[in-house]
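Report on one structure; see the data block that follows.
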Amino acid sequence: MTVNVTSIKTSSNGIWQGDNPLDYAFPLLIVQTVLVLIVSRSLALLFKPLRQPKVIAEIVGGILLGPSAVGRNANYLHRIFPSWSTPTLESVASIGLLFFLFLVGLELDLNSIRRSGKKAFSIAAFGISVPFVSGIGVAIVLRKTVDGADKVGFGQFVVFMGVALSITAFPVLARILAELKLLTTRVGETAMAAAAFNDLAAWILLALAIALAGSGADGGKSKSPLVSIWVLLSGVAFVAFMMLVIGPVMKRVAQRCSVENEAVNEVYICITLAGVMVSGFITDFIGIHSIFGAFVFGLTIPKTGNFAERLIERIEDFVLGLLLPLYFASSGLKTNVTKISGGKAWGLLVLVISTACAGKILGTFVVAMMCRIPVRESITLGVLMNTKGLVELIVLNIGKEKKVLNDEIFAILVLMALFTTFITTPLVMAIYKPARGIAEKTIRKLGDMSVHSKDKNVVETLRVLACIHGPTNIPAIINLIESTRSTKNSLLKVFIMHLVELTERSSSIIMVQRARKNGFPFFNRFNRDVWYNRLAGAFQAYSQLGRVVVRSTTAISSLSTMHEDVCHVAEEKKVTMIILPFHKHWRMEVDEENDNESHEVIENAGHEWRGVNQRVLKNAPCSVGVLVDRGYGHGSKNLGSEGTVTQRICIVFFGGPDDREALELGKKMAEHPAVEVTIVRFVEQEAESGNNFVLRQSPGKSADGSYSFAIAKMNRQKELELDEKAMEEFRSKCGEKVKYIEKGSGNVVEEVVALGESVDYDLIIIGKGRFPSTMVAELAERPAEHAELGPIGDILTSSTTGHKMVSSVLVIQQHDVAITEDAPMYKVKVHDENVAEVSSARHEITIANAV
């Protein structure tokens with residue numbers, strides 16, 4: 001069926017009136033968009049285990065939907081992607097492309113490029129020059145081999161081929177580096193700076209190629225060389241005008257939308273978005289592609305302040321999530337891999353891939369070696385600079401649009417871009433593994449501090465790494481840190497780490513560039529961010545501020561690897577304890593419409609953040625505390641007033657390594673004059689003979705729904721002795737400053753719930769109980785809601801108990817190499833005479849009641 005494009009209507013009258021929606025522009029566009037999103041997102045999930053950037057999935061998805069695969073079915077192609085729909089699809093995709101290049105311009109900071117030095121410039125220059133020259137050789141071979149290639153002017157064909165082989169995709173490279181945690185290692189920093197130079201050079205060369213492009217393969221009249229010169233001069237004048245005139249204007253706009261002015265005027269956003277479109281129109285009017293104008297306009301936006309971030313927040317999800325995949329689909333529809341047929345064509349593909357990889361990798365490697373960069377890092381740089389992907393596809397599409405590249409050459413170059421980007425991540429992971437320094441002689445737990453601090457003249461330093469998700473965690477962290485600050489010979493060093501998820505959004509990359517150093521989060525005493533200011537401001541009230549040192553940083557990672565950042569910083573900073581915020585946060589909200597009655601609101605960060613906590617607990621190099629906040633620190637309390645008790649802490653002690661660590665923390669808190677500490681000790685009572693049982697490992701049970709206990713062999717008698725010794729030391733050191741309450745082992749659940757419901761305590765501290773006492777072991781088969789907190793911690797935080805808990809909870813896990821492995825277990829009752837027999841098994845814990 002032949003359709004007159006001028007007769008195409010936007011929308012149908014509906015199927016009941018006999019119209020097929022797929023014969024109308026807008027309904028068909030909706031179907032195309034949904035299909036593209038489903039395919040690209042499905043492939044992204046498929047490629048995720050291979051740690052491939054999303055762009056790979058989108059390019060492959062476009063090719064699969066095109067004539068190379070599914071499109072070989074003529075009925076499908078004519079119904080879903082008919083030729084008359086191409087202008088509509090490409091117009092919508094081009095809007096996405098325009099704003100994407102604006103975002104790329106926003107990411108590129110010209111000041112940081114200037115500061116990156118001669119090394120990055122040299123690497124970028126050689127990294128472009130060698131493959132560009134190689135591209136000339138490949139262009140000559142292709143012109144002689146591929147039918148119709150010689151119909152295009154030699155100059156524009158050579159420039160397009162040179163750009164196609166020499167380009168580095170800055171946005172894709174940034175994503176790969178962030179995923180591999182190499183973004184600002186020495187290799188990452190150099191690669192990013194060189195890629196930024198490369199990007200700028202590539203756009204200049206592309207503008208040159210477009211200016212040189214004549215009437216293409218149509219055999220029309222060739223342009224006068226003066227036309228190309230006028231196009232180039234107009235382009236230079238446009239860039240100069242944007243930088244010298246529009247740049248200062250946008251700087252003033254950004255200043256008016258600074259942090260002080262919380263509400264950004266919508267007028268400025270609208271003007272900026274309109275500026276993107278106008279810039280694109282001007283460069284298209286000149287004769288250079290419209291994306292060049294959008295890219296240059298992005299460069300004029302100041303990178304400091306929050307205006308750039310606000311802009312990105314407004315447009316990037318819509319552009320990157322919806323419109324950009326359409327561009328890949330339209331590219332895929334033009335890519336016909338079947339055009340590469342016969343040994344000669346596949347030989348040309350191998351030649352192009354080999355030349356592109358060899359030119360880029362060898363060119364970068366040689367100059368990196370000349371700059372005295374180690375061999376392994378030099379090879380890694382070459383592989384990283386070989387990243388193609390998105391920007392490459394844009395260049396190829398423009399070349400096909402200008403009819404400089406025919407179908408076969410276009411397909412060969414698309415596959416080359418796909419292959420070079422795909423191999424980047426696995427090659428870098430195989431070649432380069434940066435050395436991570438491991439701290440020696442680190443105090444791993446609070447119990448070790450007591451041993452190291454016998455000399456009263458030595459100032460002991462407690463190092464704490466406190467993680468936060470956002471502002472809501474700050475009051476509780478401040479209160480907890482302050483309560484552990486001893487007023488005697490001790491120094492408290494606090495490292496605050498703001499945990500931020502790395503998403504597919506480009507603004508994540510900007511944040512990563514600002515916040516990272518050496519591949520992991522870094523602490524800068526000069527660049528103090530908003531978290532530092534809030535925390536330091538809170539500590540200003542204390543006269544002993546010199547005894548508290550606060551450092552802050554931001555860790556930006558995908559949630560699956562966030563624990564690596566936390567554990568690495570804990571290792572590097574020789575931290576004694578990590579404090580993690582629980583994934584749920586309770587707060588009181590006042591209902592103004594209902595007589596100002598207050599009610600409890602639960603904010604849930606999500607199951608994935610719970611997974612971060614679980615992985616930190618499993619891999620931490622020191623003790624860990626999980627803070628369950630129910631308004632701890634939100635009251636009008638000031639711990640600075642000496643002699644006034646403003647914090648009431650309860651330490652629940654059942655016994656075991658985790659509970660002893662909680663006791664050690666209680667020792668430090670008891671030294672604070674404004675903190676009242678109460679010890680509630682549960683003591684095992686004599687039980688009838690025959691109540692002995694063992695906990696046996698249960699491989700079939702889920703670790704999320706069942707409590708896990710240590711599978712290591714431990715001496716229970718020795719543990720009981722250590723418990724008694726720890727309690728004696730605590731009472732002798734703290735004396736009458738601490739209240740001491742003993743409870744029997746009756747109904748443990750009821751007793752613990754009563755403590756949680758009591759308004760007598762602001763914070764309850766408990767051990768996780770991985771090597772449990774008899775009383776805790778009795779709860780092994782209780783259904784778990786938050787298994788990572790242990791049985792007692794779960795009781796105090798569970799919403800299934802039907803009780804209203806009011807106290808905040810801190811669950812402590814002691815660092816102990818002997819009990820790093822744990823697993824879900826179930827109870828098996830045994831007779832007295834069999835206790836010794838079963839206790840020898842490594843994956844069993846024997847629970848023998850006192851007789």
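The values are calculated or read from the model by the stated rules, or taken from the named source; none is laboratory data. No experiment lies behind these values; they were computed from the predicted model shown. All Cβ positions, even for glycine, are placed from backbone atoms using ideal geometry, and neighbour counts span all protein chains on display. Accessible surface areas use protein heavy atoms only, side chains included; no ligands, DNA or RNA. Shrake-Rupley method; radii C 1.70, N 1.55, O 1.52, S 1.80 Å.
Summed over region 212-233, residues that are at pLDDT 75 or above and in contact with a Phe, Trp or Tyr (Cβ under 9 Å, 6 or more places away or on another chain) total 0.
Given the condition closer than 30 Å to L381 by Cβ, crowded, with 23+ Cβ neighbours inside 10 Å, touching a Leu at 6+ places or on another chain (Cβ under 7 Å) and in contact (Cβ under 8 Å) with a residue 40 or more places away in the chain, answer yes or no: does some residue in region 107-124 qualify? Yes; the residues of region 107-124 include at least one that is closer than 30 Å to L381 by Cβ, crowded, with 23+ Cβ neighbours inside 10 Å, touching a Leu at 6+ places or on another chain (Cβ under 7 Å) and in contact (Cβ under 8 Å) with a residue 40 or more places away in the chain. Among the residues of region 46-66, write down those that are under 16 Å from the mean Cα position of the chain (by Cα), not in a loop (DSSP other than H, G, I, E, B) and not charged (D, E, K, R). Passing the criteria: only P49. Any residue that is closer than 28 Å to F582 by Cα, at pLDDT below 80 and open to solvent by 50 Å² or more (accessible area, probe 1.4 Å) - is there at least one of those in region 763-784? Yes, region 763-784 contains at least one residue that is closer than 28 Å to F582 by Cα, at pLDDT below 80 and open to solvent by 50 Å² or more (accessible area, probe 1.4 Å).
If you go through region 376-401 and keep only what is basic (K, R), under 22 Å from S68 (Cα atoms) and surrounded by fewer than 23 Cβ atoms within 10 Å (Cβ to Cβ), you end up with just K400. If you go through region 324-347 and pick out every residue that is part of a helix (DSSP H, G or I), under 28 Å from L97 (Cβ atoms) and either open to solvent by less than 50 Å² (accessible area, probe 1.4 Å) or not basic (K, R) (or both), you end up with 12. The residues on offer are V70, V92, and the sole one that is closer than 23 Å to L29 by Cα and open to solvent by 50 Å² or more (accessible area, probe 1.4 Å) is V70.
Quick grid of which residues meet (1) more than 22 Å from T364 (Cβ to Cβ); (2) of a type in the set (S, T, Y); (3) modelled with pLDDT of 80 or more:
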position: V141; (1), (2), (3): yes, no, yes
position: T145; (1), (2), (3): yes, yes, yes
position: G148; (1), (2), (3): yes, no, no
position: T168; (1), (2), (3): no, yes, yes
position: L182; (1), (2), (3): no, no, no
position: G188; (1), (2), (3): no, no, no
position: A194; (1), (2), (3): no, no, yes
position: N198; (1), (2), (3): no, no, yes
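Annotation for region 7-18: at least one member residue is more than 22 Å from I412 (Cα to Cα) and modelled with pLDDT of 85 or more. Could we say that G342 is among the small types (G, A, S) and within 16 Å of G162 (Cα to Cα) here? No. Restricting E736, E750 to those that are modelled with pLDDT under 85 and in a helix (DSSP H, G or I) reduces the list to E736. One residue is enough: does region 293-316 have a residue meeting the conditions open to solvent by 30 Å² or more (accessible area, probe 1.4 Å), closer than 28 Å to A211 by Cα, touching an Asp or Glu at 6+ places or on another chain (Cβ under 9 Å) and assigned to a helix (DSSP H, G or I)? Looking for residues that are open to solvent by 30 Å² or more (accessible area, probe 1.4 Å), closer than 28 Å to A211 by Cα, touching an Asp or Glu at 6+ places or on another chain (Cβ under 9 Å) and assigned to a helix (DSSP H, G or I), one finds none in region 293-316, hence no.
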